[in-house]
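Note sheet for the following structure.
The values are calculated or read from the model by the stated rules, or taken from the named source; none is laboratory data. Worth saying up front: this structure is predicted, and the values here are computed from it rather than measured. Note that each Cβ is placed from the backbone with ideal geometry, even for glycine, and that neighbours are counted across all protein chains shown. The area values use the complete protein model at the heavy-atom level, side chains included, leaving out ligands, DNA and RNA. Shrake-Rupley method; radii C 1.70, N 1.55, O 1.52, S 1.80 Å.
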Amino acid sequence: MINRRGLLFAVGSASICSPLKILGADPSRLLTHGLVPHNAEPRLNDLVRSWITPNDLFYVRSHAPVPEIDSGSFELSVEGLVNRPFKIRLGGLKKSFTKKVATATLTCAGNRRIEHSRVKKVGGVPWQAGAIGNAKWGGCCLSDLLRKAEVMTEAKYVSFESVDQIKRPTGVIPFGASIPIEKAMDNSTSMPGALVVYEMNGQPLPADHGFPIRTVVPGYIGARSVKWLGKIIVSDKPSANHYVATAYKLVTESTADQWAAASPIQRFVVNSVTCLPASGVELKIGPLDVSGYALPPGDPSRTIQMVEVSSDGGGSWVKAKFTSPARPFCWRLWKTTVQLTRQTEALLVRATDSVGQRQPESVDWNLKGYLFNAWHRTPITIRS
Ligand SMILES: Nc1nc2c(c(=O)[nH]1)N[C@H]1C(S)=C(S)[C@@H](COP(=O)(O)O)O[C@H]1N2
Ligand SMILES: [Mo]
């Protein structure tokens with residue numbers, strides 16, 4: 001499929017038929033799973049180049065077309081179990097609340113789904129390992145907005161509602177999420193529990209990433225970071241939105257009982273991926289430079305402590321060096337050199353966090369292919 005910027009690489013089965021709009025991400029630099037709604041991820045060799053992911057290389061996951069919003073008149077509403085509900089424009093948000101810039105990794109719960117599908121086929125966007133990125137998010141602390149609104153004592157959850165329009169078999173719905181009130185109000189560390197964001201890496205939030213306003217919830221799966229945010233609703237219950245009540249749960253069968261019994265996924269899990277070399281390449285016997293990313297679990301007290309790579313199927317492991325800091329909620333880039341032998345069939349990588357929790361060798365299959373964090377395997381061929 002050709003567009004005016006050159007070749008598009010369609011890696012999914014999604015058909016690409018709509019005219020292209022450049023909306024922040026650069027489709028010519030991304031593997032495109034679909035254009036409307038836009039779903040795309042960077043190639044792993046591009047992704048591993050910098051600790052901060054440039055906006056045009058940041059994965060995009062949208063369930064509907066980007067809504068058209070006039071940022072001058074657009075109002076964010078804070079409502080529900082609060083004494084003083086209010087509405088605020090982008091200008092007001094910038095003026096009335098202290099600006100906070102925080103670095104946090106965003107990752108889709110479906111990252112690495114394509115590997116999950118090899119165990120047994122799953123539906124959904126067939127993500128490789130690029131549905132992850134690390135950005136400097138600029139905005140204000142959700143807790144500051146909630147304090148201004150005066151949260152009532154009955155409050156247990158804070159829900160986010162978007163203004164996008166997602167077509168579902170049951171009708172058109174907005175995207176939604178909710179987080180516990182403790183997470184929403186958390187201001188205990190240098191990292192706020194949640195941010196109301198209007199800047200990404202020093203730029204106004206690109207349209208694809210939620211312009212003019214989105215939430216970013218450090219440590220939680222990407223689905224809790226709601227783009228094109230229209231409402232913040234304080235409640236005594238979690239959101240009834242489809243993306244909280246049904247999707248983003250770990251189930252093995254689509255039965256009403258299973259959906260009801262499972263709780264919504266919130267935190268992401270410890271993970272690591274080899275980005276270089278690419279999967280399937282032909283290489284010579286001898287030393288090989290390897291690099292990639294590792295993600296701590298979304299727990300404020302944990303960071304990445306160790307990354308190990310094996311070129312002999314897990315018989316021996318080489319410890320990688322880190323090229324970025326150990327921080328909660330942020331990925332950590334690593335590199336090392338391994339020896340390839342005639343027997344090498346693949347590279348394996350596994351990460352361990354600061355309390356000694358190691359990535360599992362394999363994971364239980366789930367229907368939607370979420371939270372895949374088995375040891376990452378890069379098959380290679382030895383040149384004879
Ligand atoms: N309004 C809205 N917010 C959304 C989504 C969406 O489709 N609509 N997708 C969610 C999902 S599943 C992910 S992984 C992240 C992706 O954020 P990004 O596109 O900025 O990378 O946004 C989340 N927020
Ligand atoms: Mo996602």
Next item on the list: With all distinct Cα pairs included, what does the Kirkwood hydrodynamic radius of the chain come out to in Å, to one decimal, could you say?
Entry: 21.5
Checklist line | Positive-end extreme of charge dipole, the chain - chosen from Phe211, Tyr248, Gly292 (charges on Cβ) | finding: Gly292
Notebook entry, point to check: If you add up the charges near Val318, with Lys and Arg at +1 and Asp and Glu at -1, over every other residue whose beta carbon is less than 15 angstrom from its beta carbon, what do you get?
Noted result: +1
Item checked: FRET efficiency, Glu150 to Val355 (Cβ-Cβ, R0 25 Å, nearest 0.05) -> 0.10
Next item on the list: Within 10 Å, count the other beta carbons around each residue, average over each peptide in 170-176, 123-129, and list them highest first.
Entry: 123-129, 170-176
Notebook entry, point to check: Roughly how many debye, to the nearest 20, is the charge dipole of the chain about its Cα centre, given +1 on each Lys and Arg Cβ, -1 on each Asp and Glu Cβ, and no other charges?
Noted result: 500
Checklist line | Reachable lysines from Lys249, criterion Cα separation under 18 angstrom, eight or more residues apart if same chain | finding: Lys120, Lys121, Lys237, Lys368
Next item on the list: Any chance you could run the full-extension gain for Asn83 through Gln339? It's 0.36 nm times the residue separation minus the Cα-Cα distance, nm to one decimal.
Entry: 85.8 nm
Check: Long-range amide H contacts for Leu31: which residues qualify at under 5 Å (H placed 1.01 Å from N, peptide plane, sequence gap of 5 or more or a different chain)?
Finding: Glu41, Arg43
Notebook entry, point to check: Karplus couplings for the stretch 69-80 from phi (6.51 cos²θ - 1.76 cosθ + 1.60, θ = phi - 60°), rounded to Hz, Gly and Pro as x?
Noted result: 10, 8, 5, x, 9, 4, 10, 8, 10, 10, 8, x
Next item on the list: For every helix of n ≥ 4 consecutive DSSP H residues, a contribution of -39,500 (n - 2.57) applies; sum these over the chain, divide by its total residues, and give [θ] at 222 nm rounded to the nearest 500 deg cm²/dmol.
Entry: -2500 deg cm²/dmol
Checklist line | Environment charge at Leu47 (Cβ cut-off 11 Å; Lys +1, Arg +1, Asp -1, Glu -1) | finding: +1
Notebook entry, point to check: Of all accessible surface on the chain at a 1.4 Å probe, what whole percent is carbon and sulfur?
Noted result: 51
Next item on the list: Taking a cut-off of 27 Å between Cα atoms, list the lysines near Lys100, but don't count ones fewer than 8 places away on the same chain.
Entry: Lys87, Lys136, Lys148, Lys156, Lys183, Lys227, Lys231
Notebook entry, point to check: How much net charge surrounds Lys227 when only the other residues with a Cβ under 12 Å from the Cβ of Lys227 are counted, with Lys and Arg +1 and Asp and Glu -1?
Noted result: 0
Notebook entry, point to check: Applying 1/(1 + (r/R0)^6) with R0 = 41 Å to the Cβ-Cβ distance of Lys321 and Thr252, what FRET efficiency is obtained, to the nearest 0.05?
Noted result: 0.55
